[in-house]
Amino acid sequence: MRYESPKTTKEAAGLLAKAKGNAFVLAGGTDLLVRLKSEVIDPDLIVDIKRIPAMQGVTKTAAGFRIGAATSCAELGENAALKKAWPGVVEAATIIGSDQVQGRCTVVGNLCNASPAADSVPAMVAAGAKAVIVGPKGRRTVGVEKVVAGPGKTTLKKGEVIEAILLGKGGAKTGDAYLRFIPRTEMDIAVVSAGICLTLGPRGIIKEAKVALGAVGPTVEIVSAATKVLVGSTLDEATLEQLAVVCSAACRPIDDKRGTIEFRTEVAGVLARRAAKIAYQRAGGK
Amino acid sequence: MAFDTQYTNQEFKVVGKRVLRPDGIDKVTGRARYGADMNAPGQLVGRILRSPHAHAKIRAIDTSKAEKLKGVKAVVTAADLPDLTRGDMGMYDTLENCMARGRALYDGHAVAAVAAIDADIARKALKLIKVDYEILPHVTDVDEAMKPGAPIVQPRIRTVGVNPAPTKPSNISQVSEFGHGDLDAGFAEADVIVEKSYKTEQTHQGYIEPHACLASVGPDGQAELWVTTQGPYMQRNTCAALLGLEVAKLRVTASEIGGGFGGKTHVWMEPVALALSRKANRPVKLVLTREEVFRGTGPTCSTSMDIKIGARRDGTITAAQAVLRYQDGAFPNIWGMLGAMTAWACYDLKNVKATAYDVLVNRPKVAAYRAPSAPMAAFGVESTMDLVAAEIGMDPVELRIKNAAKEGTRASYGPTYGPIGIGPTLEAAKNHPHMKAPLGANQGRGMACGFWFNFGGQTCVDLNIGQDGTVNLAVGTVDVGGARASLSMIAAEELGIPYEKVKCIVADTASLGHNDTTEGSRGTFSSGMATVFAARDAVRVLRERAAKTWDIPVDRVEWRDGKAHAFGDEHGNLAPLSLEELAAKAARTGGPIAGHNEIVADGAGVSFATHICDIEVDPETGKSRILRYTVIQDAGKAIHPDYVEGQFQGAAAQGIGWALNEEYIYGADGRLQNPGFLDYRIAVCSDLPMLDTQILEIPNPNHPYGIRGVGETSIVPPLAAIANAMSNAAGVRMTHTPMSPPRVLKAIREAHGA
Amino acid sequence: MAAVLVSTTVNGDAVEYSCAPRESLLDVLRNRLGLTGSKEGCGTGDCGACSVIVDGRLVCACLMLGAEMDGRTVETVEGLADGATLHPLQTKFLEHAALQCGVCTPGFLMASKALLARNANPTEEEIRFALAGNLCRCTGYDKIVRAVSAAAAELAHPAKSGTGKKTGGKKAAGGKATGKKKG
């Protein structure tokens, strides 16, 4: 096993492209080192991206925010502007694991680990986040929902590495929220989760809505029926009830050690309802 | 009462204070050495290969490639641990558990081990060992294992305790029965009869420190073992027997122990480490991973049970019956029997019976876990008590007070109680402000009681007085949470000197005589008793030395406040001699001054607790939150109240985790699916409220200071206290632990509809 | 397996080591630097017994590679006391009996230190959530929460006698003249 810590994204992509055997990107390492320890993986090469300046920190851009791939989730929580614009994304990123894990883990790592239960992914999908991918053939930008192919699988090609996540500006009329269900108060993997982003028009009427559920299918579940239910409403009780129904209906979960099909299906609706209320309020709705 | 341990209601000067523990600074600075913190020159890294199958015949093990790998110094299999047990089946089980002998009996059962010059080579070597398995049918559920036609876990087992003695193998290793009276007559007298079945899933002690040892065996048969254990003498005796070593030549040193709760009262991988060291002729350090701790060491039983209580409308229980089915893992044990003994121990019952089935399944060998077997039986009994209370419209506390055992009650498991604390803990609960605190929506309150025997056993203590009058106290019970402080306090109390003048250590097995394992809450009780007697022995010597110094009869010398005083008309004017003065002159008055005691510490006082719990349940998700929790327990005498409270709180926290989230989850393939702290969900700091405690002191008449063990009892009530609270909060009676959100939500839906 | 050469700062001391690429920071601290105060309770970031502070941030040493440490600074429990003077957290853990077996204690101390560095006056709830990544199986957390609270108060209003207690007995040889003020 070889350890490399390149200084540029291009160099990182080059190392990965040329790698023989099993090559892994090391960002926060909070998943990678667990898999290394439990001997699920036996890497030949580890590329540490934390020394690449372009992958560090949160920057404000003309279009909104750019989150470097090596930025820890704790740093997202410490960025007041990001927190104000995208509280749902930041909450999702800052409930992963413990403070110890927070200091290391990254949303890009969370995305590329491709767990159906990843906390930050439904929130990023709902918020319309995009991933900047650098590879041998140059640079491309895709919606984060396009990155995950299935449990543990991404659509990244050999030699490709995510450099940053892009988020829009948000705005006074836009609000996002993320809720997950865990049996304890901390330290668990989401049993089921819901990320919601709402934009309001005049009189508190919902103009745009995106609902993404986690841990109810192999990848994040974007509930288009929920968009239909929400858009045009002022989030009255009937809408909330209908939202819960369509979200539960969209679930295709499994039974496993963390939850049952029955539980995940029902609670997905409950969380969607609760998250929608928070998002609506954050978007200025009353 | 065994011997002269009569409790005297004395005034204490040191006992009962909250002094700083002597091992504290090492533990807050990182200096304390636990199992994995010791190293030896030339040491190798040991690792164990474990079966991925729940039940499999081992047709062959090919270790040749691993042996050839550069840096590998030894590979061992069962062939390197020949059977020296001479028909001792308990010892044979330990041998078979530490290394599979022809059959892997559970997922995680050790099949081979290596010692190599570093961890990386050891890891590679394990991959080079080829095991040829023939997979056999398995069974992991206790009820399934009892059915006819279930896969047989141990073909040698014939059920003990049934007539006529069976001739065919069974997974039921033992049937035991306790109780008295006439059940049929009792149930006939009842106005109401409540009958309910319960299930509890398997839980692990979850000590934060994984098992670890450093073993060194020389070619001359002299050996040393540094190990994290509750029983260094147990380790010595077992390992010596299994490896054919002489007991005196195997010196075992107990490291600082990072939690045990019963899980470190057994031998696990230590004989393997010794066998590796013997084969490699170098020290071997063997540290288990967390995954190995879950898969390869002993959790407590999962259970299934039926509880039946008959009562009159005035609250008198006329009959009580429990049928308990406890799985012991892959090796026979008495865990079900202990469940049957404890089930009804809180109550004064005319007609009572508890029947227990000890059952084998393809899971790890079950180990003791804090008041082993009692929490499950109490879950069934105390939940059913609340159902009875509801049925007759009586307050649950009043129902329990009415039926509480008291001095003179014949316990359901046989003995007649002396002074006991169940009544007082119930009265304290009844009068506790917690009982009157307001509750909000979706909130409920519950309470429950618990019992534990407490153990005594073989104990010895050496107390040596240094030339400056300071005192070394060597004990052989392991300090699992402040015992060195408590025992130093007792020595100081007896000698009449300041606590700071005593230095207590846990001796190794070559330096002190045999001590039974630190289990059954016996540490402070037994070593405390031996310390009192050892100190009194030293006082006898001190009085003799003073008498010699003064040249007066020893019966004219008394020991008071750390000094020898001459008394009587003739000698009253002699200035007292302090411990320091006597110690300084020891060389001229007869040599070193010491006190010793070797005893079987009989008369451990039984212990009772009552807990009160407030809980809130989210009716839409089934998630619950503990809002307030109160522990009331009888300590006999609290030597160091901080550490008594700590035991109450820690036990309650473990019980809360057990009640709400902890469980071993097995797949259909018989493999453990959650061998880690991520999915084996012990309570984290934010899950719990402050845990209020109330220490009652009903002295144990069999101990000179009135001590009862305090460590275990408070893990017994939480399961039922929480189930009872949940019933009041959400209107559902949970009969299966853990009462996890999916189970609770399902119950809510079934009870109230969607 | 190519060894990696690393220069780093551990508890204020410049340290160089070489390690295999797959070794965790915890392996390096315990096996190469002799700093066994950080414990391995799980090796997967779930128990917090190996909590250390790297470049000012609390991390699990089991979730970092030793190879990553070049140029970084690490604080472990061994560096918490100022010579013979305990850190107020250490003192309060002792006074409040906030440890039983003590194996989780180093991790709790480091996590508490990180908490108090960013929140000098945490509420009970803030303490509980900040310490959720540290498992303790002995205490039920009650006395730990009290100790952290007391340490926060002590740090805010140091008792007249000074912020810490002497570790007892004689002073370490050479005294404790140059140690920097901690806490």
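The values are calculated or read from the model by the stated rules, or taken from the named source; none is laboratory data. All of these numbers come straight from a predicted model, not from anything done at the bench. Cβ sites come from the backbone with ideal geometry, for glycine too, and all protein chains shown count toward neighbours. Surface accessibility is based on the protein's heavy atoms, side chains included, excluding ligands, DNA and RNA. Shrake-Rupley method; radii C 1.70, N 1.55, O 1.52, S 1.80 Å.
For the protein assembly as shown, build the charge dipole from Cβ charges (+1 Lys, Arg; -1 Asp, Glu) around the Cα centre, then report which of A:Pro183, B:Ala492, B:Ala248 sits farthest towards its positive end.
The Cα lying farthest towards the positive end belongs to A:Pro183.
For the stretch C:4-79, which whole percent of the accessible surface, found with a 1.4 angstrom probe, sits on carbon and sulfur atoms?
Carbon and sulfur atoms account for 42 percent of the accessible area of the stretch C:4-79.
So how far, in whole Å, is the C-alpha centre of the stretch A:120-197 from the one of the stretch B:639-708?
About 39 Å separates the Cα centre of the stretch A:120-197 from the one of the stretch B:639-708.
Take every residue in peptide A:32-42, count the Cβ atoms of other chains within 10 Å of its Cβ, and give the average of those counts.
Other-chain Cβ atoms within 10 Å of each residue's Cβ, averaged: 5.
Roughly how many Å² of B:Lys199 are accessible to a 1.4 Å probe, to the nearest 10?
50 Å²
Could you check which residue among A:Lys60, A:Lys173, A:Lys157 shows the biggest mean-square fluctuation in a GNM of chain A with a 10 Å Cα cutoff?
It is A:Lys157.
Hey, if you put +1 on the Cβ of every Lys and Arg and -1 on every Asp and Glu Cβ in the stretch C:4-79, which of C:Ala49, C:Gly34, C:Gly12 ends up farthest toward the positive end of that dipole?
It is C:Ala49, whose Cα lies furthest towards the positive end.
Determine which aspartates and glutamates satisfy two conditions relative to B:Lys65: a Cα distance under 15 Å, and not lying fewer than 8 residues away in the same chain.
B:Asp132
For chain C, what does the alpha-carbon gyration tensor say about shape, rounded, prolate or oblate, given a ≥ b ≥ c as the root eigenvalues, a/c under 1.5 as rounded, and a/b over b/c as prolate?
Verdict is oblate for chain C.
If you look for lysine pairs in the stretch B:323-451 that are eight or more places apart or on different chains, how many of them have Cα atoms under 21 Å apart?
7
Only helical DSSP H runs with n ≥ 4 go in: add -39500 (n - 2.57) per run for chain B, normalise by residue count and round the 222 nm mean residue ellipticity to 500 deg cm²/dmol.
Calculated mean residue ellipticity at 222 nm is -8000 deg cm²/dmol.
What does the net charge come to around B:Ser216 if you take all other residues with beta carbon closer than 11 Å to its beta carbon, with K and R at +1 and D and E at -1?
Once positives and negatives cancel, what remains is +3.
Using only alpha carbon pairs under 8 Å that are at least six residues apart, calculate the relative contact order of the stretch C:88-156 and give it in whole percent.
52 percent
Post the alpha-carbon centroid distance, the stretch B:61-94 to the stretch C:1-58, in whole angstrom.
Taking the Cα centre of the stretch C:1-58 as reference, the centre of the stretch B:61-94 is 34 Å away.
Quick check: Cα centre of the stretch A:245-280 to Cα centre of the stretch B:267-328, how many Å?
37 Å
At 30 angstrom or more along the helix axis (alpha-carbon based) and mean Kyte-Doolittle of -1.0 or higher, what helices does chain A contain? Whole DSSP H runs only. Working shown, then result.
Details: long enough: A:261-282 (31 Å, -0.08).
Length and hydropathy pass: A:261-282.
Label C:Ser7 and B:Lys168 with points 7 Å out from Cα along Cα→Cβ: what is the distance between them in nm?
Going by the 7 Å Cα→Cβ label model, 7.7 nm.
Along the positive direction of the dipole of the protein assembly as shown (beta-carbon charges: Lys, Arg +1; Asp, Glu -1; about the Cα centre), which of B:Gly444, B:Gly528, B:Ala56 reaches farthest?
Checked the options; the winner is B:Ala56.
Once the piece of chain linking A:Lys207 and A:Lys84 is laid out straight, how much longer is it, given 0.36 nm per residue of separation minus the C-alpha distance between them?
Contour length minus Cα-Cα distance gives 42.2 nm.
If each DSSP helix of 4+ residues adds -39,500 (n - 2.57) and the sum is divided by the residues in chain A, what number results at 222 nm, nearest 500 deg cm²/dmol?
Here the helix-only value at 222 nm equals -9000 deg cm²/dmol.
Averaged across the residues of C:60-70, what count of C-beta atoms belonging to other chains lies within 10 Å of each residue's C-beta? Present the calculation step by step, with values, prior to reporting the outcome.
Values: counts 10, 1, 4, 15, 7, 8, 1, 8, 9, 0, 2.
Across C:60-70, the average partner-chain Cβ count within 10 Å equals 6.
Given a Förster radius of 45 Å and the C-beta distance between B:Asp184 and B:Ser64 as r, what FRET efficiency does 1/(1 + (r/R0)^6) yield to the nearest 0.05?
Working: r = 66 Å, r/R0 = 1.47.
Approximately 0.10, to the nearest 0.05.
Once you list every other residue whose beta carbon is under 13 Å from the beta carbon of B:Lys585, what net charge do they have if Lys and Arg are +1 and Asp and Glu are -1?
-1
Relative to the Cα centre, what is the charge dipole magnitude of the stretch C:4-79, using +1 at the beta carbon of each Lys and Arg, -1 at the beta carbon of each Asp and Glu, and rounding to the nearest 20 debye? Provide the component values of the computation, followed by the final result.
On the way: 6 positive and 11 negative charges, 22 e Å.
Dipole of the stretch C:4-79, to the nearest 20 debye: 100 debye.
How large is the dipole of the stretch B:669-754 about the Cα centre if only Lys and Arg carry +1 and Asp and Glu carry -1, each at its Cβ, rounded to the nearest 20 debye?
Approximately 320 debye in magnitude.
Going by average Cβ density within 10 Å per residue, which order do the peptides B:159-167, C:51-59 take, highest to lowest?
C:51-59, B:159-167
Give me the lysines in straight-line cross-link reach of B:Lys623: C-alpha distance below 23 Å, same-chain residues under 8 apart excluded.
A:Lys257, A:Lys277, B:Lys199, B:Lys746
Run the simple label-point estimate for C:Ser18 and B:Thr416 please: 7 Å along Cα→C-beta, distance reported in nm.
In this crude spin-label approximation the distance works out to 7.8 nm.
Which value in nm describes the separation of the simple spin-label points at B:Asn442 and C:Asn119, placed 7 Å from the Cα toward the beta carbon?
2.3 nm
Output the DSSP H helices from chain C with an along-axis C-alpha extent of no less than 18 Å and a mean Kyte-Doolittle hydropathy no less than 0.0.
On the way: long enough: C:105-118 (20 Å, 0.69); C:142-156 (22 Å, 0.75).
Counting only whole DSSP H runs, the qualifying helices are C:105-118, C:142-156.
To make sure I understand the rule: partners must be lysines, Cα under 25 Å from the Cα of A:Lys158, and not fewer than 8 residues away in the same chain. Which ones qualify?
Excluding near neighbours in sequence, the set is A:Lys7, A:Lys10, A:Lys18, A:Lys20, A:Lys37, A:Lys50, A:Lys130, A:Lys137, A:Lys146.
Explain nothing, just the number: relative contact order of the stretch A:174-282, from Cα pairs under 8 Å at least 6 residues apart, as a whole percent.
After rounding, I find 31 percent.
Suppose a student asked you for the relative contact order of chain B, using Cα pairs under 8 Å spaced at least 6 residues apart; what percent would you report? It would help to have the intermediate numbers written out before the result.
Working: 1997 pairs, mean separation 118.8, N = 754.
Over chain B, the number comes to 16 percent.
Mind ranking A:27-36, B:592-601 by how tightly packed they are, going by the mean number of other C-beta atoms within 10 angstrom, highest first?
Details: A:27-36: 24.4, B:592-601: 19.1.
Highest mean packing first, the order is A:27-36, B:592-601.
Only four residue types carry charge here, +1 at the Cβ of Lys and Arg and -1 at the Cβ of Asp and Glu. Report the dipole size of the protein assembly as shown about the Cα centre in Debye, rounded to the nearest 20.
Charge dipole of the protein assembly as shown: 4120 debye, to the nearest 20.
For chain C, what does -39500 (n - 2.57) per DSSP helix run (n ≥ 4), summed and divided by total residues, give at 222 nm, in deg cm²/dmol to the nearest 500? Please report the intermediate quantities before stating the final value.
Working: 4 runs with 44 residues, N = 183.
Result for chain C, helices only: -7500 deg cm²/dmol.
Once amide H atoms are built 1.01 Å from N in the peptide plane, which residues 5 or more positions from B:Ala74, or in another chain, come under 5 Å H to H?
Counting only residues 5 or more places away or on other chains, the set is B:Ala115.
Which whole number gives the average, over all residues in A:177-185, of C-beta atoms from other chains lying within 10 Å of the residue C-beta?
Taking all residues of A:177-185 together, the mean is 5.
In the full protein assembly as shown, how much of B:Arg708 is accessible to a 1.4 Å probe, in Å² to the nearest 10?
Answer for B:Arg708: close to 10 Å² accessible.
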